[in-house]
Amino acid sequence: VVQGWVNGHCFNIEGEGYSSEGRFLDQFGAIYDPSRDDSLSLLMHGAALCSDAYLEGSGQDSGISTLRMIGDPTEGALVVAAAKAGFDQKVLTKQYPREMEIPFDSARKRMLTIHDMGYDMPGIQNGSKKIAFVKGAPDVLLKYCDRISNGTQETVLTQQLRDQVIDANQNMARQALRVIGVAYRPLDSLPSQEDLESTEEGLIFLGMLGMIDPARPEVKPAVDIAHGAGLKSVMVTGDYPDTAAAIAREIGLLSPGGRVVTGAELDTMSDEDLVEIVEDVDAFARVSPQHKVMIVEAFKSRGHVVAMTGDGVNDAPALKRANIGVAMGISGTDVTKETADMVLTDDNFASIVSAIEEGRVIYSNIRKFVYYLISCNIGEILVIFLAMLLGMPIPLTPIQLLWLNLVTDGAPALALGLEKGDPDIMSHPPRPPKEPVINRNMQMGILVQAIVMTAAVLLAFLYGLNRFPGNLVAAQTVAFVTLVVSELLRAFTARSEYYSMFKIGFFSNRWMLWAVVSSLLLLLAVIYVPFLQSFFGTVSLGLRDWLVMLPLMVMASIAAETTKSIQRRKLIQQSLAVGD
């Protein structure tokens, strides 16, 4: 809590975190003693008593006792503010034990507790035996108040005074503060359970406390990254519109022309109306649980894949309806965690963006794996098929093909699954949800790769037939070596669908280096180790043969790099279109 309003005056509170150290300052910056103001003291009593959160010691930090909050952070902030004013919640709870309550509810937007008045309380002069405190949204509390505390007196809550409270509330909300109001009512006796809710009528308004829930430093960069990736981030909050707009603007969420829509406006809209405007909304404020379900359905109706976050029991329906329900691991309830598809252990929005980036990397690596294997295997099939169609001898023996698939295709393909991803992977537009893994771009690439690789191997085979007349084993060795090295070089080009292998670097994936080098060594062993030659049907090749084969070996890689260059230009144009 950093600011408050009571008895027509504003005050500020210093301090950080859950430390009870912090001064009260009046609106002119002078130190202010809360104990000398009965209304402020009573406000702090109500804030501490009408809360379920509590503080407990967590050890020593640089010689200073540190505290940690157990419970809702909003209530924890109220308890800390009371402690700064000199009112320990544990002491107050013993002096004024809670006897009845109506817990906070997102629909009611308020909480009621009734306490025994075993001790005198500041500002209470009528000798009442019980006291009811109600805390909640100031605009909601005002509906149940007919008086307002004015020091040691109570004043009729005229329209002028109501407007004064509303103005102070809006002023704090515009500063991105979450505002909680507190009211009370002295009671002569404990009401029955049936009459408990009627206790909230005829309340006396005490004041307001404005707390800041600042966005974490990593949120704004995460929002920017998500925007660059073509993702739309939307704030859904129970705070006031001014508070939501201020925070959304601070973290770069509220775009020029973007709208902030309230729950009251949603109540007047049909589902069709919401679907029509939802694309232009950057923040929803003062919403209820049913509104969250409406918002999810509206975005899904526009074809979006929706991830919804939540922590309370009432968030469960919206998480269930979303494509991906995300529960808060720290503040989330068990019901929310069980309903959600994913649980954030740190309750951090930036973790969601990181998860999206990691998901894109994994999906990209799956595509590279599939792209590489299918293009190579189709090339192998075409080599055999075309050779038979043209009446040529078979260029590769069954054992060579088996060795090729087990060793040469296997290790490099697995290494592709360990790629770190393209450096601009979060600048690509989202892929259409119904797009297959083997999309049109990959189909074209596979076709080009297979044709070029087939042509290179058949040319090498023809060279071998002419170079070694009557020696089919030697010609098959030339074709075999050309195909193996072509696929190993092709593995380097498959490390990115859009970037050149020179751009991403040869040494950025050491597993690929190990895979290619080990496969090359195995290839040389098959060719030059005598007892393996007879088993694999190979012969030793000379330097002249390698020099002739070298241009044929790099043909597939050159074709791959050319294809990537063309596809990258298209991707840049698509990204620019998304940015516009």
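Counting helices only, and only those DSSP H runs with n ≥ 4, report the 222 nm mean residue ellipticity of the chain as the sum of -39,500 (n - 2.57) divided by its residues, in deg cm²/dmol to the nearest 500.
Computed mean residue ellipticity for the chain: -15000 deg cm²/dmol.
Please list, by residue number, everything in the stretch 193-212 whose backbone N is under 14 Å from a paramagnetic label point 7 Å out along Cα→Cβ of residue 164.
Within reach of a label on residue 164: 205-208.
Across 5 Å bins from the origin, how do the percents of Cα pairs in the stretch 134-267 run, short distances first?
2, 9, 16, 16, 15, 12, 10, 8, 6, 4, 2, 1, 0
Which order do peptides 248-261, 76-89 fall in by mean Cβ count within 10 Å, highest first?
For the peptides 248-261, 76-89, the packing ranking is 76-89, 248-261.
Return the Rg/Rh ratio of the stretch 463-577 with Cα-based radii and a Kirkwood Rh.
We get a ratio of 1.10 for the stretch 463-577.
Beyond 15 Å, how much of the Cα-Cα pair distribution for the stretch 501-540 remains, as a whole percent?
Tail of the P(r) past 15 Å holds 53 percent of the pairs.
Jot down the radius of gyration and Dmax of the stretch 138-191, Cα atoms only, both in angstrom.
Expressed in Å, the Cα Rg and Dmax of the stretch 138-191 come to 12.9, 41.
Test of understanding: what is the full-extension gain from residue 192 to residue 345, defined as 0.36 nm times their sequence separation minus their Cα-Cα distance?
Going from the current span to full extension adds 50.8 nm.
Given R₀ = 60 Å, FRET efficiency for residue 301-residue 56 by Cβ-Cβ distance, to 0.05?
FRET efficiency, residue 301 to residue 56: 0.80.
Of all the accessible heavy-atom surface of the chain, with the other protein chains kept in place and a 1.4 Å probe, what percent is carbon and sulfur?
Using a 1.4 Å probe with all protein chains present, the chain comes out at 58 percent carbon and sulfur.
Can you give the convex hull volume per residue for the Cα atoms of the stretch 290-399, as a whole number of Å³?
Here the figure is 156 Å³ per residue.
Please compute the length gained on full extension between residue 23 and residue 269, using 0.36 nm multiplied by the number of residues separating them and subtracting their Cα-Cα distance.
Additional length available on full extension: 83.9 nm.
May I ask which residue of 295, 2, 206 lies farthest towards the positive end of the charge dipole of the chain, with charges of +1 (Lys, Arg) and -1 (Asp, Glu) on Cβ and the Cα centre as origin?
The listed residue farthest towards the positive side: 295.
Over the chain, what is the relative contact order in percent, taking alpha-carbon pairs closer than 8 angstrom and at least six residues apart?
Relative contact order comes out at 9 percent.
Treating only the Cβ atoms of Lys and Arg (+1) and Asp and Glu (-1) as charged, compute the dipole magnitude of the stretch 1-136 about its Cα centre; round to the nearest 20 debye.
So the magnitude is around 360 debye.
Can you tell which of 457, 507, 180 lies farthest toward the positive end of the dipole of the chain, using +1 and -1 charges on the Cβ of basic and acidic side chains (Lys, Arg; Asp, Glu)?
Positive-end residue among those listed: 457.
Using the alpha-carbon centroid of each, what span in Å lies between the stretch 119-169 and the stretch 252-313?
Centre-to-centre (Cα) distance: 34 Å.
Looking at the square roots a ≥ b ≥ c of the eigenvalues of the Cα gyration tensor of the stretch 195-354, which shape do they give, rounded for a/c under 1.5, prolate if a/b is larger than b/c, or oblate?
Judged from the Cα gyration tensor, the stretch 195-354 comes out rounded (a/c under 1.5).
Would you mind giving the three semi-axes, in whole Å and largest first, of the ellipsoid equivalent to the stretch 383-443 according to its Cα gyration tensor?
35, 19, 9
Going down the table (94/130; 300/337; 232/420; 434/564), which pairs top 18 Å between alpha carbons?
Over 18 Å apart, Cα to Cα: 300/337; 232/420; 434/564.
Which values, in whole Å and largest first, are the semi-axes of the equivalent ellipsoid of the stretch 450-524 obtained as the square root of 5 times each eigenvalue of the Cα gyration tensor?
Each semi-axis is the square root of five times an eigenvalue, giving 29, 15, 7 Å.
Using only the Cα atoms of the stretch 225-292, build the gyration tensor, take square roots of its eigenvalues as a ≥ b ≥ c, and label the shape rounded, prolate or oblate: rounded if a/c is under 1.5, else prolate if a/b is larger than b/c, else oblate.
Oblate is the answer for the stretch 225-292, as a/c is 1.5 or above yet b/c matches or exceeds a/b.
Count neighbours as other Cβ atoms within 10 Å of each site's Cβ, and list the trypsin sites (Lys or Arg not before Pro) in the stretch 404-461 that are DSSP loop with at most 15 such neighbours.
Listed in order of number, the matching sites are 420, 434.
Per residue, how many Å² of accessible area does the chain show with a 1.4 Å probe?
Heavy-atom accessible area per residue stands at 48 Å².
Would you give the gap between the C-alpha center of the stretch 70-92 and the C-alpha center of the stretch 367-392, rounded to a whole Å?
Value for the Cα centre distance between the two parts: 72 Å.
Place a +1 charge on the Cβ of each Lys and Arg in the stretch 397-463 and a -1 charge on the Cβ of each Asp and Glu, then give the dipole magnitude about the Cα centre in debye, rounded to the nearest 20.
The dipole magnitude comes to about 180 debye.
Placing unit charges on C-beta atoms (Lys and Arg positive, Asp and Glu negative, everything else neutral), compute the dipole magnitude of the stretch 309-425 about its Cα centre in debye, rounded to 20.
Charge dipole, the stretch 309-425, about its Cα centre: 480 debye, nearest 20.
Expressed as a whole percent, how much of the Cα-Cα distance distribution for the stretch 255-332 exceeds 19 Å?
When every Cα pair of the stretch 255-332 is considered, 35 percent fall beyond 19 Å.
Ratio of alpha-carbon Rg to the 2.2 N^0.38 Å globular estimate for the stretch 162-231, to two decimals, please.
Output field value: 1.83.
Using the Cα atoms as the points, what is the convex hull volume per residue of the chain in Å³?
207
Please report, ordered by residue number, every helix of the chain (full DSSP H runs) that is 24 Å or longer along its axis going by C-alpha atoms and whose mean Kyte-Doolittle hydropathy reaches 1.6.
Membrane-span-like by this rule: 510-528.
Please compute P(r) over all alpha-carbon pairs of the stretch 314-460, binned at 10 Å starting from zero, and give each bin as a whole-number percent.
10, 26, 24, 18, 12, 8, 3, 0
Take the Cα gyration tensor of the stretch 519-572, multiply each eigenvalue by 5, square-root it, and list the three semi-axes largest first, rounded to whole angstrom.
35, 13, 7
Using +1 at the C-beta of Lys and Arg and -1 at the C-beta of Asp and Glu, which of 551, 536, 521 has the Cα lying farthest in the positive direction of the dipole of the stretch 436-580?
The residue sitting farthest along the positive end of the dipole is 551.
Just to check I understand the Karplus step: with θ = phi - 60° and J = 6.51 cos²θ - 1.76 cosθ + 1.60, what whole-Hz values come out for the stretch 4-9, glycine and proline as x?
x, 9, 7, 6, x, 10
Can you compute the FRET efficiency between residue 508 and residue 566 using 1/(1 + (r/R0)^6), with r the Cβ-Cβ distance and R0 = 22 Å? Round to the nearest 0.05.
0.40
The values are calculated or read from the model by the stated rules, or taken from the named source; none is laboratory data. Predicted, not measured: the structure shown is a model, and the values here were computed from it. When we count neighbours, we look across all protein chains shown, and the Cβ atoms used for this are built from the backbone with ideal geometry, even at glycine. When the accessible area is computed, the model is the full protein with side chains, heavy atoms only, and any ligands, DNA or RNA have been set aside. Shrake-Rupley method; radii C 1.70, N 1.55, O 1.52, S 1.80 Å.
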